[in-house]
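Below: one structure, written as structure tokens.
The values are calculated or read from the model by the stated rules, or taken from the named source; none is laboratory data. Everything quoted here is computed from the prediction, not taken from an experiment. Cβ coordinates were reconstructed from backbone atoms using ideal geometry, including for glycine residues, and neighbour counts include every protein chain displayed.
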Amino acid sequence: MSSPNVNVYLVMCFILGGMLILQLFFQMRCTDNENYAPSPQYSDTCTETIDISTIKVNVSNIPRQIFDVAMYLKKARIHARGSKTQRALKHASEHMDAILKGFGTSFEDATKRKVHEPSSMCPEYYVDKMNGYKIRECSHAKPLDQIVTILRLDHGSPTNTKFIKDTYDTNIPMIVGDYGGNVKEKSNVRVKNMASSVKEGDALNTLMKEVKTKYTLVLRNVIGLDSNARLERLVREIEILNLNAVGGAIRNSDNVWSLGCHQRVFQNFTMVYKEGYDESMHDCVLCDHVDGPFLIKTEKLNQIKFDSSLTSMGLYEDFFIRLNTEVAICADSLFDMDFPRRSKITNDWEKFGRKRNLYRLKFSFGLTIDFGCNYAYPCQRQKGFIRSPCCIQELADLSFGFMDMCEKINASCQLNAGSILSAVKMYNIIPWEADADLNFWCQDFTRLKNAGLKLSSRGIRVGVEHLSNCAPKAIPAQLGARSKHWHADIWSRDTMESYEVRSKLRNLTRIPHNGHLVNGMRNPALFARNMYSNIFLHRQHFREVGTKKIYIFSKCPKGDAHDCIDNYYTDGNIQFQDPIA
């Protein structure tokens, strides 16, 4: 899960540091506990002693750190998608298991979720496959009407429609937001008439003010409520699992069943929803987002509320993001409802997308919403953050605009410095870039300066920043190109590899760069390697970290926000592509 849910890349950073601590602990354990017998595969690690006085850590914290790392490992193992990651976490968990046995426990015991006794419902127990589950008698159970209130919106049900059906408890208090004027008040039903202009979020926020019970059942698009909803089961599990919310499966008017459980990842300004689950308990699955009705702690509901500025497209997505905890779906609790409608029209999601600063929204059933860059996207340089895709696109457009102009007037231009490094590493702009770097053959100076005037139609302004003669050892002439947020340094060269190649070999090297092919050096990676060492490792721009080559990303000032640079490893480019939920 994504932030603040589990992000596999971030977790692996904890794991690497944690395993170093574990190795240190294991070595001390070997020397300090003569009764400890290590596993055979670890016996060769106990050949040296360690002077604890030289260790700059609080050794007394190591057992707690081991248990914390075990929890991170389990979360990462549950949510890992790639086979390499899965195997690495499997082996790390096995190593952790061997270490935890030194504490008289195991990996599974140390990381298993805690369960609690239900305080409002009697517990259940399994009899056999003929009788299923039975309820154990107890003295502390409370009637549903004392602990649950139902919230629902009615958009014009026929007056003769009975909402609560069969033998289900009809005394449960219900508060209805009535848009159609057909709902009648009863002893247990309070009605709030809603004008057609009142948004769904506003309506729900109005209704929840009337709730007096410990739990609230939020019914979304529900056609009718019957005993298959098994509300007692939901109350029991919200207390046993100590969760803020628990939902059920859904069946639509065509009798099609759906679990309605989604996992969510928010990374690289892209939010991805994947239907499915990674973990289950008590025959319930754990989700980041649920499609159907849900039972929620009333205190938490009043704290979170719904964002009344949002339309129905994004209202519940935003609610569960801000709820910021797992939600269980107990699928044997079944609600009859219309499946949530998710529009294919970008404008319908616009308010949600802009609130979350999204570039792209993706659902696993094939729906992708691209928000584009026609808005005031963020582009200021902030230490500890990557830049937005729209900001990166603007810099790429600036670079390509100038390079494209070079091609059209048959001038010689190349990517240079950090721009060629970006192309080699990512076929694109590095997400923490500070500017663009280009070269041109000095004899093309005047033609490029004059042609640059035509780029104003593309939002690019080209000007002269330094004049110089086209001669060896002369201070290079310099052009500058600017867009709304960016600047490109464009330096002249009295010799240009691309010019020599063009004139002699006619074999230019063209390198992918943000969807375009642009000119680079004949051997781009060799040029980059000679200019920078460790070209495939990542480091921030020297303006942020200085000239010392430190391959550690700055600490993010906002914790684990989706665009924090320290969410990423300092190696590898796949992590900067669209995430997998």
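Counting only strands (runs of 3 or more DSSP E) wholly contained in region 278-378, the ones carrying 2 or more residues that are touching a Lys or Arg at 6+ places or on another chain (Cβ under 7 Å) and over 22 Å from Gly201 (Cα atoms) occupy 327-337, 368-370.
Just one of Lys449, Lys454 is among the charged types (D, E, K, R), in a helix (DSSP H, G or I) and modelled with pLDDT of 90 or more; which is it?
Values: Lys454 fails: modelled with pLDDT of 90 or more.
Of the residues listed, the single one that is among the charged types (D, E, K, R), in a helix (DSSP H, G or I) and modelled with pLDDT of 90 or more is Lys449.
In the condition set (1) modelled with pLDDT of 95 or more; (2) of a type in the set (Phe, Trp, Tyr); (3) more than 30 Å from Ser309 (Cα to Cα), Tyr168 is compliant with all but (1).
To keep it simple, each residue is scored yes or no on (1) of a type in the set (A, V, I, L, M); (2) surrounded by fewer than 23 Cβ atoms within 10 Å (Cβ to Cβ); (3) out of contact with any Asp or Glu (no Cβ under 7 Å at 6 or more places or on another chain).
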{"site": "Gln267", "(1), (2), (3)": "no, no, yes"}
{"site": "Thr270", "(1), (2), (3)": "no, yes, no"}
{"site": "Tyr273", "(1), (2), (3)": "no, yes, yes"}
{"site": "Tyr277", "(1), (2), (3)": "no, yes, yes"}
{"site": "Ser280", "(1), (2), (3)": "no, yes, yes"}
{"site": "Phe294", "(1), (2), (3)": "no, no, yes"}
{"site": "Ile304", "(1), (2), (3)": "yes, yes, yes"}
{"site": "Ser308", "(1), (2), (3)": "no, yes, no"}
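Would you point out which residue out of Asp109, Asp145, Asp97 is assigned to a helix (DSSP H, G or I) and within 30 Å of Ile175 (Cβ to Cβ)? Walk me through it before giving the result.
On the way: Asp109 fails: within 30 Å of Ile175 (Cβ to Cβ); Asp97 fails: within 30 Å of Ile175 (Cβ to Cβ).
Every option except Asp145 fails the conditions.
In this structure, Tyr316 does satisfy being outside the structural domain of Gln393 (by TED's automatic domain parsing), farther than 29 Å from Thr111 by Cα, within 20 Å of the chain's Cα centre (by Cα) and modelled with pLDDT of 95 or more. Among the criteria (1) surrounded by 14 or more Cβ atoms within 10 Å (Cβ to Cβ); (2) modelled with pLDDT of 85 or more; (3) closer than 30 Å to Leu231 by Cα; (4) not small (Gly, Ala, Ser), the one Glu117 does not fulfil is (1).
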